[in-house]
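S.K.: Next up is a structure, given as structure tokens.
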There are 2 protein chains.
Amino acid sequence: MARAATTADAFNAVAEPRRRQILDLLAGGELPVNDLVELLGLAQPQVSKHLRVLREVGLVDVRDEGRQRVYRVNGQSLKPIHDWVKNFEQSWSQRFERLDSVLAELKERELGDERNDE
Amino acid sequence: MARAATTADAFNAVAEPRRRQILDLLAGGELPVNDLVELLGLAQPQVSKHLRVLREVGLVDVRDEGRQRVYRVNGQSLKPIHDWVKNFEQSWSQRFERLDSVLAELKERELGDERNDE
DNA sequence: AGAACATATACCCATATAGGAATATGTCAA
DNA sequence: TTGACATATTCCTATATGGGTATATGTTCT
């Protein structure tokens, strides 16, 4: 079997740096394809192809405006990624480190009580 | 050019569902390869290969223990993903929706004041 | 040393790329 | 209608993949 399709889910779609860049640009507001082409410094077909992938996983929506196609981000589709990564946040978050120390202290105190009971 | 290597960064490494599953399992505590093999119901070589990818992007660390190799998660490497996704959180978060409505209300009131000034 | 166990690596293959180039489709303007 | 503009699609190619299978490496036990 080969690697999963880029259109399989948001995880795969977003693995490509260009596509993340596109989403970053669209985060500032909707944009027509040509603006993206200029901002990315990428050939137009490549941009259209990236946009297709993003569309297929629901990360962007399109709107027709004259002969332009205006794209906008739909961050909702990123929620699964956010939810998954969040479970590992304690690995680096200062906040959780403090929580850990509090729990450790509670445990210490608990042990102390036990010792007193003996 | 082909797709970026799975070892290019955490984004690519984590695009594979099996590898996310491995990280989920390791989140509960370090595990030797064979335990992962059983828990995943996958062949041992495939697991070792997935672990290699995770190692190369720093998502897991290994420790030798007798003839076993015990893997543990290193969530730190997920921070870039967390940071990137966080910028889009307002797209789905209830919290931000309420913030939006508050801002909308403020704007309304401001407009009302302007009308009163005229 | 030899066997059993634990893990990693090598090799094969079908598949999906990402970018380049050419072209098709669709819309507006004269 | 014809041409210019905006975007999408098609075709090409080199490349990396994930699983299957066989095998190599390394460790412990007898």
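The values are calculated or read from the model by the stated rules, or taken from the named source; none is laboratory data. If you're wondering where the values come from, they're calculated on a predicted model, not measured in any experiment. All Cβ positions, even for glycine, are placed from backbone atoms using ideal geometry, and neighbour counts span all protein chains on display.
S.K.: Based on this model, can you work out whether A:Asp83 counts as more than 9 Å from DNA strand D (Cβ to nearest atom) and within 24 Å of B:Lys79 (Cα to Cα)?
M.R.: Yes.
S.K.: Go over the candidates A:Ala43, A:Ala10, A:Ala27 one by one and state the one that is more than 30 Å from B:Leu25 (Cα to Cα) and more than 14 Å from DNA strand D (Cβ to nearest atom).
M.R.: Details: A:Ala43 fails: more than 14 Å from DNA strand D (Cβ to nearest atom); A:Ala10 fails: more than 30 Å from B:Leu25 (Cα to Cα).
Answer to the selection: A:Ala27.
S.K.: For region B:59-94, enumerate the residues that are within 16 Å of DNA strand C (Cβ to nearest atom), in contact (Cβ under 8 Å) with a residue 40 or more places away in the chain and not basic (Lys, Arg).
M.R.: Answer for region B:59-94, where residues must be within 16 Å of DNA strand C (Cβ to nearest atom), in contact (Cβ under 8 Å) with a residue 40 or more places away in the chain and not basic (Lys, Arg): B:Leu59, B:Val70, B:Tyr71, B:Val73.
S.K.: Please specify each residue of region A:87-115 satisfying the condition of being out of contact with any helix residue (DSSP H, G or I) (no Cβ under 7 Å at 6 or more places or on another chain) and modelled with pLDDT of 75 or more.
M.R.: Within region A:87-115, just A:Ser93 meets the criteria.
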